[in-house]
Amino acid sequence: MTDARTGKLLWWDLVLFYGVPVALTLPCIKFHWTISGVDNILASLALMAGLLFNLLILLFDTAVRIRDDKSEFAQHRRHLIGEMQANVSYALAVSILASTILGATSLAGVSKVGLPLSAISIFLLSHFVLLLALILRRVRAIFLHELPYTKG
């Protein structure tokens, strides 16, 4: 959550990535909403985590291929790959935590999660969706850098 160029903390990103999930969780607590359909949520989360693992492997492969290139362009690529790796790894950690909670609930045969675990799950799932949006934005930035859009 820091600017790569200046190293300064980005408050807006903190509000977006942590404040929005908290804001989505508060009505859950206030109105005693609980999660149902745990198996479907868990399957979707596992699918997205699997795709993120694939992306992580692709990032590693790309980093290995440009490891010995000393050009300025390659240094910029390595920097972008490093940022993407950090984002993907963090998103995977969030998905593993959410999967652990939902998986334990599913294994226990609970079809409707209680309030405390629902609130935690809503926070983690909304945080995960925002992280996916961040990763998509980073991938788009890499594509635009590598293959600039030209009209014509």
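Throughout, read-outs are computed from the coordinates displayed, never taken from laboratory work. Note that the coordinates shown come from a computational prediction; the quantities given were computed from them, not determined experimentally. Note that each Cβ is placed from the backbone with ideal geometry, even for glycine, and that neighbours are counted across all protein chains shown.
Report the trypsin sites (Lys or Arg not before Pro) located in the stretch 45-152 that are in a DSSP loop and have at most 12 other Cβ atoms inside 10 Å of their Cβ, or state none.
Here the trypsin sites (Lys or Arg not before Pro) that fit, given the DSSP loop and packing criteria, are 67, 70, 151.
Given an 8 Å cut-off on Cα distances and at least 6 residues of separation, report the relative contact order of the chain as a percent. If you can, show how the numbers build up before the last one.
On the way: 115 pairs, mean separation 55.9, N = 152.
Result for the chain is 37 percent.
Mind checking the dipole of the stretch 1-84: about its Cα centre, +1 per Lys or Arg Cβ, -1 per Asp or Glu Cβ, Debye to the nearest 20? Walk me through the intermediate numbers first.
Numbers: 8 positive and 8 negative charges, 31 e Å.
Its charge dipole is roughly 160 debye.
Considering all projection directions equally, how large on average is the shadow of the alpha-carbon convex hull of the stretch 28-97, in square nanometres?
Values: hull surface 24.9 nm².
For the Cα atoms of the stretch 28-97, the hull's average projected area reads 6.2 nm².
Evaluate the distance, in nm, between pseudo-label points positioned 7 Å from the Cα of residue 144 and of residue 23 along their respective Cα→Cβ axes.
2.4 nm
Distances longer than 18 Å among the Cα atoms of the chain: what percent of all pairs is that? It would help to have the intermediate numbers written out before the result.
Working: 7470 of 11476 pairs.
Percent of Cα pairs beyond 18 Å in the chain: 65.
Taking Cα centroids, how far is the stretch 9-35 from the stretch 74-124 in Å?
Cα centroid to Cα centroid, the span is 15 Å.
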